[in-house]
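Here is the structure we will look at.
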Amino acid sequence: MPVRRFDVGSWLDSPLSRRRLDLTQFSKEREAVAEICSRVLAEGDEALRELGRRFDGWAPAPGESFEVPHRELAAAADRLAPADRSALEFAAGRIRDFHERQSEPGSVGLPGLKLVTRPVRRAGVYAPGGRAAYPSTVLMTVIPARVAKVPEVVLATPPRPDGSVPSSILAAAHIAGVDAVYRVGGAQAIAALAYGTASIPRVDVVAGPGNIYVTLAKKEVFGTVGVDGIAGPTEVVVVADGKARPDFVAADLAAQLEHDPMAWGVLITDSSQLADRVEEELESLLRGLERADIIRQANCCVIVAQDMEQAMHVANDFAPEHLLIVARDAARLAAQVQNAGAVFVGAYATVPLGDYSAGPNHTLPTSGAARFSSPLGVHTFLKRTSVLSLNRGDLETLRDASVRLAEMEGLGAHAHAIEVRLE
């Protein structure tokens, strides 16, 4: 397993420490996505059919719909093995409980001023397909929208070549409360949700992860529609002291690295001995993992710090999607976290629990975006409107400062609109 070793100085001097989501390198993909989005905007369902045949290997026949008949969602849930359905329902309950605590009531400020929080009218969520089905993504995107009281939530997901959708996806959609499932994948799905077609309604927010084409399409349609974020490859940083179990640390690194050859797994430790043992454990673990080839291609680094405070400084600078802290004083170190999408504290808080059933959302900021953005949540589907209800007395209170500011900016009509009401 190729693991790059650094001390803190050499890490900070390395270009790897300044990683960012650079979409400019995908020039051919960007051109293809721009063309796909333009075609869907101009041609609607006709473009979706042609693109579906080309990229998904399936498109509905004339008279057939992109939408999965709604009765098939409940039927798919009934077909699942009892243990599978129970796992989905357990995870859904935990996710729903966590996100219900994020509800934001309307707030009131000074007299006559109010900030009203409302859900968007319609949300579109995307669940990737291709190599694998991700029912957990359905739960993580749909449930926050439902908790936000979005009136209509629709799901787009790639179909199989026969036009079917995996039962696990449909069952998760049923459990989460989706209104409609559309068999459309890739950039064309994002464009359809953003622009609307004859058969797929235009939404106000698009959320959910995907490949580079999905990511570029979200960037392309942003402004026409809101998006939850522009995601890069998944990443985990493990901050561990010399007492951490190396097999636990290796397991957490491998769990994220198996997603993608571009994924990141970084161990920051104050113990060279732990670093050596984790490398050995990781090499041993790979001999039994099906996705070992993907893990070997991914970005795996070990940084040896002088102490745990320096380790936390490096972790905050990295601003990882997932941050796992395994140390004797993990709770104290967790209080020092400034930049991370999700924080996992203690040897038993393994990151995959957060991916599935712990409750917090697994759609998180990547590529350093945790410095300025947050996980997907109820707020993703809410918008705020300020309301001013002012009387003449309020106007008199605000007049002098407002007129003076208007005059400073050379906007006489602004000043007049205020003063005419007091004549």
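Wholly within segment 350-423, which helices (runs of 4 or more DSSP H) include no fewer than the required count, namely at least 3 residues that are touching a residue at least 24 places away in the same chain (Cβ under 8 Å) and under 19 Å from the mean Cα position of the chain (by Cα)?
Those helices (runs of 4 or more DSSP H) span 351-356.
Select, from SER103, SER86, the only residue that is of a type in the set (Gly, Ala, Ser) and modelled with pLDDT under 85.
Just a single option satisfies the conditions, and that option is SER103.
Just to be sure I understand the filter: pairs with C-beta atoms under 9 Å, separated by 6 or more residues or on different chains, first member in segment 212-240 and without any contact (Cβ under 8 Å) to a residue 24 or more places away in the chain, second member of a type in the set (D, E, K, R). Which pairs pass?
Final answer for the pair search is VAL227/LYS218; VAL227/LYS219.
Cβ contacts < 9 Å: first residue surrounded by fewer than 20 Cβ atoms within 10 Å (Cβ to Cβ), restricted to segment 74-101; second residue part of a helix (DSSP H, G or I) and among the aromatic types (Phe, Trp, Tyr), any location; separation 6+ or different chain. Result?
If the second residue must be part of a helix (DSSP H, G or I) and among the aromatic types (Phe, Trp, Tyr), the pairs left are ALA87/TYR356.
Among the residues of segment 108-148, which ones are at pLDDT 95 or above and either at positive phi or among the aromatic types (Phe, Trp, Tyr) (or both)?
Passing the criteria: only TYR126.
Go through (1) touching a residue at least 12 places away in the same chain (Cβ under 8 Å); (2) surrounded by fewer than 18 Cβ atoms within 10 Å (Cβ to Cβ); (3) over 15 Å from GLY242 (Cα atoms) one by one and return the number of the condition GLU290 breaks.
Tallying (1) touching a residue at least 12 places away in the same chain (Cβ under 8 Å); (2) surrounded by fewer than 18 Cβ atoms within 10 Å (Cβ to Cβ); (3) over 15 Å from GLY242 (Cα atoms), GLU290 fails exactly one: (1).
So, restricting to helices (runs of 4 or more DSSP H) that lie completely within segment 4-107, which ones have at least 2 residues that are over 30 Å from SER199 (Cα atoms)?
Passing ranges, in order: 8-13, 82-100.
With the requirement that a residue be over 20 Å from the mean Cα position of the chain (by Cα) and either farther than 16 Å from ASP252 by Cβ or assigned to a strand (DSSP E or B) (or both), what does segment 309-323 give you?
Listed by number, the residues that qualify are GLU309, GLN310, MET312, HIS313, VAL314, ASP317.
The values are calculated or read from the model by the stated rules, or taken from the named source; none is laboratory data. From a predicted model like this one, the values you see are computed outputs, not experimental measurements. Ideal geometry is used to build each Cβ from the backbone, glycine not excepted, and the neighbour counts take in all protein chains shown.
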